[in-house]
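Q: Below are the structure tokens for one structure; questions will follow.
The values are calculated or read from the model by the stated rules, or taken from the named source; none is laboratory data. Here the structure is a predicted model, which means the values were calculated and not measured. Here the Cβ is made from the backbone with ideal geometry for all residues, glycine too, and neighbour counts use every protein chain on show.
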Amino acid sequence: MRPQWAILVTGVLLLLSSQEADSLTPSERCEACQIVLKTVYGHFFKQVSSRRKLAHQLRHECNRHYQYRRRCLLFTRTNTLEIIFHEMGATEFKPINPCTVLKECKSLHSPIIETSEERTNGMDETTTSFNDNTSTSTDETITVVE
């Protein structure tokens, strides 16, 4: 009777462990997909030169995301890689587009990345305010005591 219980317990544990491996919700999968593709695209400075280099960098980035690794490594297959390479060659790359084509995201999900104009405007304001703050502190003097 004990071997039957052991088999039953082992089966339940295997079932639970397989559910943990794919424990990401659809929105978490969508977000992870976009983060991976955004990071890889940024690595190439917005100019992906070859499919081979893209596949290598995708594998490297996928290995960094533990819970998403298994699904992510499927991106390096030939057909999927072709879709990603084509999307990254477009004039304006948005990670939500290939993730939607690859069925990691649905049309209801929103992109996680702000537009380049918003990033640039935010940086300009920060730089301006930083320069304003530094220009007012020229009155102070520093004396070095030895």
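Q: Please enumerate the residues belonging to the stretch 76-89 that are over 20 Å from residue 29 (Cα atoms), touching a helix residue (DSSP H, G or I) at 6+ places or on another chain (Cβ under 8 Å) and either touching a residue at least 40 places away in the same chain (Cβ under 8 Å) or aliphatic (A, V, I, L, M) (or both).
A: none
Q: Let me ask something else. I'm trying to understand the selection: among the residues of the stretch 31-46, which are in a loop (DSSP other than H, G, I, E, B) and touching a helix residue (DSSP H, G or I) at 6+ places or on another chain (Cβ under 9 Å)?
A: 44, 46
Q: In this structure, does residue 64 turn out to be closer than 23 Å to residue 91 by Cα, at pLDDT 80 or above and either out of contact with any His (no Cβ under 6 Å at 6 or more places or on another chain) or surrounded by 15 or more Cβ atoms within 10 Å (Cβ to Cβ) (or both)? Spell out the reasoning first.
A: Values: closer than 23 Å to residue 91 by Cα: no; at pLDDT 80 or above: yes; either out of contact with any His (no Cβ under 6 Å at 6 or more places or on another chain) or surrounded by 15 or more Cβ atoms within 10 Å (Cβ to Cβ) (or both): yes.
Taking the combined requirement at face value, the residue does not satisfy it.
So that you can scan it fast, the table gives a plain yes or no per residue for (1) of a type outside the set (A, V, I, L, M, F, W, C); (2) modelled with pLDDT under 85:
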| residue | (1), (2) |
| --- | --- |
| 86 | yes, no |
| 89 | yes, no |
| 93 | no, no |
| 105 | no, no |
| 116 | yes, yes |
| 120 | yes, yes |
| 124 | yes, yes |
| 142 | no, yes |
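Q: Something else about it: Please go through the stretch 94-109 and pick out each residue that is closer than 22 Å to residue 46 by Cβ and either surrounded by fewer than 17 Cβ atoms within 10 Å (Cβ to Cβ) or free of Cβ contacts under 8 Å to residues at least 60 places away in the same chain (or both).
A: 94, 97, 100, 101
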